[in-house]
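Single-structure report; data block below.
The values are calculated or read from the model by the stated rules, or taken from the named source; none is laboratory data. Keep in mind that what you see is a predicted model, and the values were worked out from it rather than measured. Cβ placement follows ideal geometry from the backbone for every residue including glycine, while neighbour counts extend to all protein chains displayed. Only protein heavy atoms, including side chains, enter the accessible area calculation; ligands, DNA and RNA are left aside. Shrake-Rupley method; radii C 1.70, N 1.55, O 1.52, S 1.80 Å.
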Amino acid sequence: MFLTAETPEAGRAIVALQKHAGYDMIKLYGTLRPAVYRAIVQAAREAGIPLVGHINRQVGALEVLGSSQVLAAHLEDLLFARFDRPPSDDELADFAGAIARSRMTVTPNLNVNPVIIAQLEDLASVLSSADARLLPPAAYSQWMPANNRNRRGAETPRQIESMKQIQGILHKFAKLLHSRGVRLVTGPDAASYGFPGVSVHQELELLVEAGLTPYESLVTATRHSGDFVAENLS
């Protein structure tokens, strides 16, 4: 599923390879070395292939916002590439303004933390639910107790409380971005986190909980997604 670049030269070669293979975009993860990230950004801009994905925490959110990356996933990645602690309301508002000025599209993924919390609280019930039958076998095996990477043993209660606190901040963040005109597009991150099909509805419901109207929430899965495709993949 992944290609690894340890040097700028390798990063540029991967961009050329993916462009030649006919891919529409390249998804980045947040652990690239800064020099490698910058080389990929430059090579992708020259090749005319859009960059999407995670926010590189080693270069920081503000540099990524100033790059040619066109989409950020996820809100939590954005938040912790900028802050090493829960931000104040003023800091969060200032950051939302910076994202709006960058004109970057954002995939909130508000459904991820609730899915993880449900697993931490009662994994057996999650795995025996009707929705779990929607998971492909490979994804189901990753959710099973022996393979579930979300469980933290004795730290689980503290983990749940922390995730609930972060979820409140993410709801506030999503509303701030929307109010500043940032284009939000639906992305449920199934089946790594969430059940195929069901998680889209959960994401739309959570956007309403965050303060969007039902219509505005639906727009993230329809018009906004279509506009993003038209602008970047034509």
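When the Cα centres of segment 170-231 and segment 133-151 are compared, how far apart do they sit, in Å?
What the calculation gives is 25 Å, centre to centre.
Which of ALA96, ALA21, ALA61 moves most in a GNM of the chain, Cα contacts under 10 Å?
It is ALA21.
Suppose all protein chains stay in the model; what accessible area per residue would a 1.4 Å probe give for segment 114-173, in Å²?
Roughly 60 Å² per residue, with all protein chains present.
Over all distinct alpha-carbon pairs, what is the Kirkwood Rh of segment 1-137 in angstrom?
16.8 Å
Starting from 0 in steps of 10 Å, tell me what percent of the Cα-Cα pairs of segment 14-78 lands in each bin.
Percent of Cα pairs in each bin: 23, 58, 19, 0.
In sequence order, what are the phi-derived ³J(HN,Hα) couplings for segment 197-204 according to the Karplus relation 6.51 cos²θ - 1.76 cosθ + 1.60 with θ = phi - 60°, rounded to whole Hz, with x for glycine and proline?
After applying 6.51 cos²θ - 1.76 cosθ + 1.60, I find x, 4, 5, 5, 5, 4, 5, 5 Hz.
Spelling out what I want: for every residue of segment 145-150, take phi, set θ = phi - 60°, compute 6.51 cos²θ - 1.76 cosθ + 1.60 (Karplus), and round to whole Hz; glycine and proline get x.
Once rounded to whole Hz, the list reads x, 5, 10, 5, 7, 7.
For TYR215, what accessible surface area do you get with a 1.4 Å probe? Give it in Å², rounded to 10.
Taking all protein chains as shown, TYR215 has close to 150 Å².
Please list, in chain and number order, the residues 5+ apart from MET25 or on another chain whose amide H is under 5 Å from its amide H, with Hs placed from the backbone.
Close amide H contacts, sequence-distant or interchain: none at all.
Taking only DSSP H segments of four or more residues, each worth -39500 (n - 2.57), what value at 222 nm results for the chain once the sum is divided by all its residues, to the nearest 500 deg cm²/dmol?
It comes out at -17500 deg cm²/dmol, rounded to the nearest 500.
Under unit Cβ charges (Lys, Arg +1; Asp, Glu -1), what dipole magnitude, rounded to 20 debye, does the chain have relative to its Cα centre?
420 debye
Taking each pair of distinct Cα atoms in segment 65-125 once, what is the resulting Kirkwood hydrodynamic radius in Å?
Across segment 65-125, the inverse of the average 1/r is 13.3 Å.
Rank SER68, SER128, SER179 by mean-square fluctuation in a GNM of the chain with C-alpha springs under 10 angstrom and give only the top-ranked residue.
Highest fluctuation of the listed residues: SER128.
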